[in-house]
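The values are calculated or read from the model by the stated rules, or taken from the named source; none is laboratory data. Quick caveat, the model's predicted, so the values are computed rather than measured. Cβ placement follows ideal geometry from the backbone for every residue including glycine, while neighbour counts extend to all protein chains displayed. In case anyone asks, the SASA skips ligands and DNA or RNA and just uses the protein heavy atoms, side chains included. Shrake-Rupley method; radii C 1.70, N 1.55, O 1.52, S 1.80 Å.
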Amino acid sequence: MLRQAQHEITIASRGRGFYEFTDEVALLLRNSKIQTGQVTLHLQHTSASLLIQENADPEVRCDFERFFSRLVPDGDSLFEHTAEGDDDMPAHLRTALTAVNLTIPIVSGRLALGTWQGIYLWEHRTHPHRRHVIVHFIGE
Amino acid sequence: MLRQAQHEITIASRGRGFYEFTDEVALLLRNSKIQTGQVTLHLQHTSASLLIQENADPEVRCDFERFFSRLVPDGDSLFEHTAEGDDDMPAHLRTALTAVNLTIPIVSGRLALGTWQGIYLWEHRTHPHRRHVIVHFIGE
Amino acid sequence: MLRQAQHEITIASRGRGFYEFTDEVALLLRNSKIQTGQVTLHLQHTSASLLIQENADPEVRCDFERFFSRLVPDGDSLFEHTAEGDDDMPAHLRTALTAVNLTIPIVSGRLALGTWQGIYLWEHRTHPHRRHVIVHFIGE
């Protein structure tokens, strides 16, 4: 019989960077006892992203930061929306260039992630923020 | 008892820019009487995007346009696919850099969007177009 | 009565480029007999993407490659994660700039894609790879 379950995960970021929370989602899944289904993650913010990326080599995430800092520079003179800080408009753009929601199948009671895939909150603001992720399971 | 409902929203764009349709989705949700579930939005085009972004300060959307116009310039000499206009290939690329489908949880009968999140059609072509969004609800 | 079905599609890429697999998904859908519902596709990799894009003019995909090669150059001196090759870090970044999962509604037994939309694996590594896509149907 198909059923649903919903949760909220709160992540206290310490400013710009990656915060993996694959284990938190996996734990909620285990408690839900769903064997076959899918989970949707939705981040309720416009200046941070959800990203599935390599969880092996931390250098990868450093290069992500370097690349995005060059692609969308803080304090770029192009921007008119500057009242909330040099990093605010870049944070919105980084968010649009990535994603705020993800849907992942559940197969045999586990997230159908690849071997190297981890689920990250990517904080784009330089200051710490409390970020909220809605977790929606559907399955049986 | 889990059930589904499907609708189509048509948006007549007036050319490049942002068209918020959060209220149209919220109204369909209200009529569906679904309290717990999720909604998937799918845009049936390859030169416009769906974007969840800040709905407070309109300057943010102006900066989005400025940034993407610099990132993917109309009429860039790099492009060979130019038969449909200077803005056509950039429109495809902007679409790939953002998204054409979104899935948003439904909690207590409401879209689980954050305080500042609105749902936008982002038209990338300079001329007006009629854009179709398929709306799929599942829940109870 | 709502039900689910899951499959895995394996795509043997011949290196960087686009591999359409819309027909494989449509065939699985036909066999599932689902008339109303949705399908989620999840790619289990961090250096390739899933992309919905124009399936008419092949020049479009050539321009995609040209644009992304300029945006995220192979062997860029910015990158420190170079142990796996000049194309590895760019492949991760291209993946983050696009998507690894998609959810598409099913209307009247068909994928609710637009006339010009095809579903592609976009391989970002220069060498051939075997890529796995998990396909999750829910509907009735």
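Could you list, in sequence order, all residues of the stretch A:57-72 that are within 14 Å of chain B (Cβ to nearest Cβ) and open to solvent by 10 Å² or more (accessible area, probe 1.4 Å)? Give the steps one after another, and end with the answer.
Filtering the stretch A:57-72 for residues within 14 Å of chain B (Cβ to nearest Cβ) gives A:67-68, A:70-72.
Residues satisfying the conditions are A:Arg70, A:Leu71.
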Q. Residues in the stretch C:42-56 that are crowded, with 21+ Cβ neighbours inside 10 Å, more than 14 Å from chain A (Cβ to nearest Cβ) and of a type in the set (S, T, N, Q): how many?
A. 1
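Name the residue that is surrounded by the most Cβ atoms within 10 Å (Cβ to Cβ), counting only residues in the stretch B:83-94 that are in a loop (DSSP other than H, G, I, E, B) and not acidic (Asp, Glu). Working first, answer last.
So in the stretch B:83-94, the residues in a loop (DSSP other than H, G, I, E, B) come out as B:83-87.
Checking which are not acidic (Asp, Glu) leaves us with B:83, B:85.
Working: B:Ala83: 9, B:Gly85: 14.
By that ranking, first place goes to B:Gly85.
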Q. Which of the following residues is over 16 Å from the mean Cα position of the chain (by Cα) and either modelled with pLDDT of 95 or more or of a type in the set (A, V, I, L, M, F, W, C) (or both): B:Leu71, B:Leu93?
A. B:Leu71
Q.
If the requirement is being open to solvent by less than 10 Å² (accessible area, probe 1.4 Å) and within 7 Å of another protein chain (Cβ to nearest Cβ), which of these qualifies: B:Leu102, B:Leu97?
A. B:Leu97
Q: Determine whether A:Val39 is within 7 Å of another protein chain (Cβ to nearest Cβ) and within 27 Å of C:Ala91 (Cβ to Cβ).
A: no
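Hey, which of the strands (runs of 3 or more DSSP E) in the stretch A:1-68, taking only ones fully inside, have at least 2 residues that are touching a residue at least 24 places away in the same chain (Cβ under 8 Å) and of a type in the set (A, V, I, L, M)?
Numbers: elements: A:3-12, A:17-20, A:37-43, A:48-54.
Those strands (runs of 3 or more DSSP E) span A:3-12, A:37-43, A:48-54.
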Q.
Tell me yes or no: at least one residue of the stretch B:114-123 is more than 10 Å from chain A (Cβ to nearest Cβ), at negative phi and open to solvent by 10 Å² or more (accessible area, probe 1.4 Å).
A. no
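Across the stretch B:91-110, what is the number of residues that are over 20 Å from A:His92 (Cβ atoms) and of a type outside the set (Ser, Thr, Tyr)?
Start the filter on the stretch B:91-110 by keeping residues that are over 20 Å from A:His92 (Cβ atoms), which leaves B:91-92, B:101, B:103, B:105-110.
Still in the running and of a type outside the set (Ser, Thr, Tyr): B:91-92, B:101, B:105-107, B:109-110.
Counting residues in the stretch B:91-110 that are over 20 Å from A:His92 (Cβ atoms) and of a type outside the set (Ser, Thr, Tyr) gives 8.
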Q. A:Ser108 is checked against (1) within 12 Å of chain C (Cβ to nearest Cβ); (2) surrounded by 15 or more Cβ atoms within 10 Å (Cβ to Cβ) and fails just one. What number does that condition carry?
A. (2)
Q. From the list C:Glu8, C:Glu80, which one is within 14 Å of chain A (Cβ to nearest Cβ), loosely packed, with under 15 Cβ neighbours inside 10 Å, modelled with pLDDT under 95 and closer than 26 Å to A:Asn55 by Cα?
A. C:Glu80
